[in-house]
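The values are calculated or read from the model by the stated rules, or taken from the named source; none is laboratory data. Here the structure is a predicted model, which is why all the values come from computation and not from measurement. Glycine also receives a Cβ, built like all others from the backbone with ideal geometry; neighbour counts cover every protein chain displayed.
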Amino acid sequence: MYFTAVSKRAYGQFCGIVRAVELIGERWALLIIRDLLVKPKRYSDLRQGLPRIPTNILAARLKELASAGIVRRRLLSRPSGVVYELSEYGRELEDIVLRLGRWGAKSLTEPGREDIVTVDSLIMALRSNFRAGRDASYELHLGDIVINASIRGGRLEVAEGTLPDADLVIETGTAIMTLMAGDVTPAKAIESGSVRLAGNVDLLSRFVDTFRI
């Protein structure tokens, strides 16, 4: 399988890593791939999930990724329109992106004043840091974002929205990262009010162990 590097950046080396960087190393490209790993999206969905990307850059990156065989357009009949999705070749990046997210999370400190969290970035954060754990279901509220995570038979499913009868509902802010990193204990997080819980509060420790950074 051969694909032509379409990026303007060229390193002049015959190497798989170099080719990978040429294909997906342009700014915003990996974030587009990250969001498409959650689910296929319309152009407007991608814009909403990446609010700071210039429209001309988004269009250019989608064109480049499509030319490289990583992303493809699919026509919808009901409702009509076009969605972008990863090709089979593009989905091979899933394990790489998850591992990269897990590695990068180890260097996260306090968020900058202008840093944002999106639905897709939070979903991928849980997927990246998932460790096999016992069955449980969680509903996580982080500001206006609500996602749910269910573990059944060692498999994780994460999606946007509420989850009826979730075993534990967690309301928090970016302090969830210090909890997942082990910088604060579940008991201290509850005591300080950085997390608010409903349901089986004893499951907070299991949540931390399951998604520990």
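Structural remarks
- Residue, farthest from the chain's Cα centre (by Cα), within segment 89-106, restricted to residues that are exposed (fewer than 13 other Cβ atoms within 10 Å of the Cβ) and at pLDDT 90 or above: 92
- Number of positions in segment 14-32 that are more than 23 Å from the chain's Cα centre (by Cα) and in contact (Cβ under 8 Å) with a residue 12 or more places away in the chain: 1
- Extreme residue, nearest to residue 114 (Cα to Cα), among residues of segment 40-63 that are among the β-branched types (Val, Ile, Thr) and in contact (Cβ under 8 Å) with a residue 24 or more places away in the chain: 53
- Filtered by the rule that a residue be closer than 13 Å to residue 34 by Cβ and β-branched (Val, Ile, Thr), segment 83-116 gives 96, 97.
- Every residue from segment 117-171 that is among the hydrophobic types (A, V, I, L, M, F, W, C), out of contact with any Phe, Trp or Tyr (no Cβ under 6 Å at 6 or more places or on another chain), assigned to a strand (DSSP E or B) and in contact (Cβ under 8 Å) with a residue 24 or more places away in the chain: 136, 140, 142, 145, 147, 151, 158, 159, 169, 170
- In segment 64-88, residue farthest from the chain's Cα centre (by Cα) [restricted to those that are over 23 Å from residue 118 (Cβ atoms) and touching a residue at least 24 places away in the same chain (Cβ under 8 Å)]: 67
- Hits in segment 185-213 (condition: over 17 Å from residue 139 (Cβ atoms) and either within 22 Å of the chain's Cα centre (by Cα) or among the charged types (D, E, K, R) (or both)): 188, 191, 209, 212, 213
- Taking segment 155-172 as the range and being closer than 20 Å to residue 200 by Cα and surrounded by fewer than 17 Cβ atoms within 10 Å (Cβ to Cβ) as the test, the residues that pass are 156, 157, 161, 162, 164, 165, 171.
- The condition of being touching a strand residue (DSSP E or B) at 6+ places or on another chain (Cβ under 9 Å), at pLDDT 95 or above, among the acidic types (Asp, Glu) and crowded, with 20+ Cβ neighbours inside 10 Å holds for residue 35.
- Residue count for segment 172-213, restricted to those that are over 16 Å from residue 133 (Cβ atoms), outside any helix (DSSP H, G or I) and either among the hydrophobic types (A, V, I, L, M, F, W, C) or touching a His at 6+ places or on another chain (Cβ under 6 Å) (or both): 7.
- Test: residue in segment 181-190 that is under 20 Å from residue 100 (Cα atoms) and surrounded by 13 or more Cβ atoms within 10 Å (Cβ to Cβ): yes
- Residue 68 being surrounded by 11 or more Cβ atoms within 10 Å (Cβ to Cβ), among the small types (Gly, Ala, Ser) and on the phi < 0 side of the Ramachandran plot: yes
- Residue match in segment 114-129 (condition: under 18 Å from residue 203 (Cβ atoms) and within 18 Å of the chain's Cα centre (by Cα)): yes
- Residues that are more than 19 Å from residue 97 (Cβ to Cβ) and among the hydroxyl-bearing types (Ser, Thr, Tyr) within segment 112-141 comprise 137, 138, listed in sequence order.
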